[in-house]
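Below: the structure, in structure tokens.
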Amino acid sequence: MFQKRGLGEVRPGRMIEGPMAEQGDAALLRRIEMLEAENTALRAQVNDAPGVTGPDGAAHPAARRRARWWAWTLLATVLIVVGAILAPVAAVSAWAKAVLTDTEGFVSSYAPLAQDPAVQRFVTDQTMLVITQQLDIRQITSDVIDGITDLGTGPRASEALNLLKGPAASGLLSLVESGVSNFVTSDSFADVWASALRVSHTQLLAALQNDPGSAVRLGGDGTVGIQLGPIVVAVKEALIAQGIDIAAGIPTVDRTIVVARSEALPNVQMAYGLTVWAGDWLPWIVIAMLTAGVLVARRRATALICAAVALALSMAVTIAALAVGRILFADAMDPAMLPADVAGRLYEAVATGIRATAVAVLVLAVVVALVGWLAGPFDVPRRLRGLFSAGAARIRGAAEERGLSTGRVGEWLYAQRSAVRVAIAVVFAAVVLFVRPLTPALTIWSLVIAAIALAVLEVVQRPIVLVPEDADVPIRG
């Protein structure tokens, strides 16, 4: 019997003494190790070979693992693609829900239109149309002059007065139009416009919610508009205040400026309910699908980058679609009902909020893709992280040499560094998800603050180094 040192086992055999015995044992051991290595290599090749089955005819474990890998990868791809496709719908529905259900949000979106020159010209023309339809200024002027001539002005004076009927009517009409225009371009009109928007939205919302006390009913011909009655009343009061007494004859009217016409409006109540539901839940569904796609992926770092890039592309498509939509909207509107420039202003009032959200989400997606790449198991990011960590360590070391140390707080931060990083990411995500209005500037500043917080964490934390008890460690001081 003999035992080879370092083998840890005793091998039975014939006892051979001397150098030849040791040489034979060494050769035998080398041969055994070579055969075991070849056996291991062959077994690995067999396991990795496609279509290999076990003794019972079932798929080999390696093949099953590969099949599961492809299945999870396919599921992750489907979740990410579907989430990216639904993202624009979620952005639009969230904005629509906010505008439909929040009267003050609706007013803040459309109230600035009162300062737009194209809208002011449109309202002036519509108001003058209502006034001339309800008040025949030329006939009134003619009646006044006829009354004067009936008092006995003489043939020549009567002839002269009759010649003044046309100019007087035109002058009076011009005076009224000038008064209307001055009012529409004033701050008082902006207040009236906002009040009209508030009343219209409140009543329209009541109609959409089937409020029995609603004063607005959606027209069977698919029209919806802004009430002109309050504007006419305000114009009448302003003209009287300017000394134009003839304006006292302007009657109270019940008329609206039609701003939209669609055959689908009779079904708008159903669409309203669907929009509110989608605005509440669809953004969360999109976030859940993208998150699930990353979690089920076998290579999560790559999946995170792909999900962020897909989301960024969908937002870029949304921004491009908004630009094309303005052209299509202007072409679809009847110029007799709504001039092209006014239609463009109305569309921009709608698209501005959606575009701001899309740009903010686009910036966020690009940031997530960049962060995922920097934190991923790739060669270049790994080197960059090493350089950053080394720089933070040098700063921390220089500070400690000068007596500046975070002590136990730094050690605690190092022990809890993963949780602190997650907390910073959660705060950043909460800002993007819940703060409204969401703007690109808000997203960028939130990112900058989060990056500064992570950099400060890297410098402030103190790595805990475990030193063996028998190691020679120099003691400072």
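Here, each number is a calculation from the coordinates, and none is a lab measurement. Just so we're clear, the structure is a prediction, and the values are computed from it rather than from any experiment. When we count neighbours, we look across all protein chains shown, and the Cβ atoms used for this are built from the backbone with ideal geometry, even at glycine.
Couple of notes before you dig in:
- Neighbours of A76 by Cβ distance under 13 Å: Lys/Arg scored +1, Asp/Glu scored -1, total +4.
- Under the simplified labelling scheme, the V409-E177 pair shows an inter-label distance of 7.4 nm, with each label point 7 Å from Cα along Cα→Cβ.
- If the chain linking V380 and D331 were pulled fully straight, counting 0.36 nm for each residue of separation and taking away their Cα-Cα distance, it would gain 12.6 nm.
- Cα gyration tensor shape for region 304-374, rounded if a/c is under 1.5, else prolate or oblate: prolate
- At R0 = 30 Å, FRET efficiency that the Cβ-Cβ distance of R421 and V317 yields, to 0.05: 0.40
- Residue-span extension gain [V89 to T352] - 0.36 nm each, minus C-alpha spacing: 93.1 nm
- If R0 equals 60 Å, the separation of the Cβ atoms of E36 and W284 corresponds to a calculated FRET efficiency of about 0.60.
- Computed lengthening from V81 to D102, 0.36 nm per intervening residue step minus Cα-Cα distance: 4.4 nm
- Within the shell defined by Cβ-Cβ distances under 15 Å, the residues around A238 carry a net charge of -4, with Lys and Arg each +1 and Asp and Glu each -1.
- Radius 12 Å from Cβ of R121, net charge of other residues (Lys, Arg +1; Asp, Glu -1): -3
- Each residue of region 410-425 was assigned a 3J(HN,Hα) from its phi angle through the Karplus curve 6.51 cos²θ - 1.76 cosθ + 1.60 (θ = phi - 60°); the sequence is x, 5, 5, 4, 5, 5, 9, 4, 5, 5, 5, 5, 4, 4, 4, 5 Hz, with glycine and proline shown as x.
- Cβ-derived FRET efficiency at R0 41 Å, V435 paired with A398, nearest 0.05: 0.60
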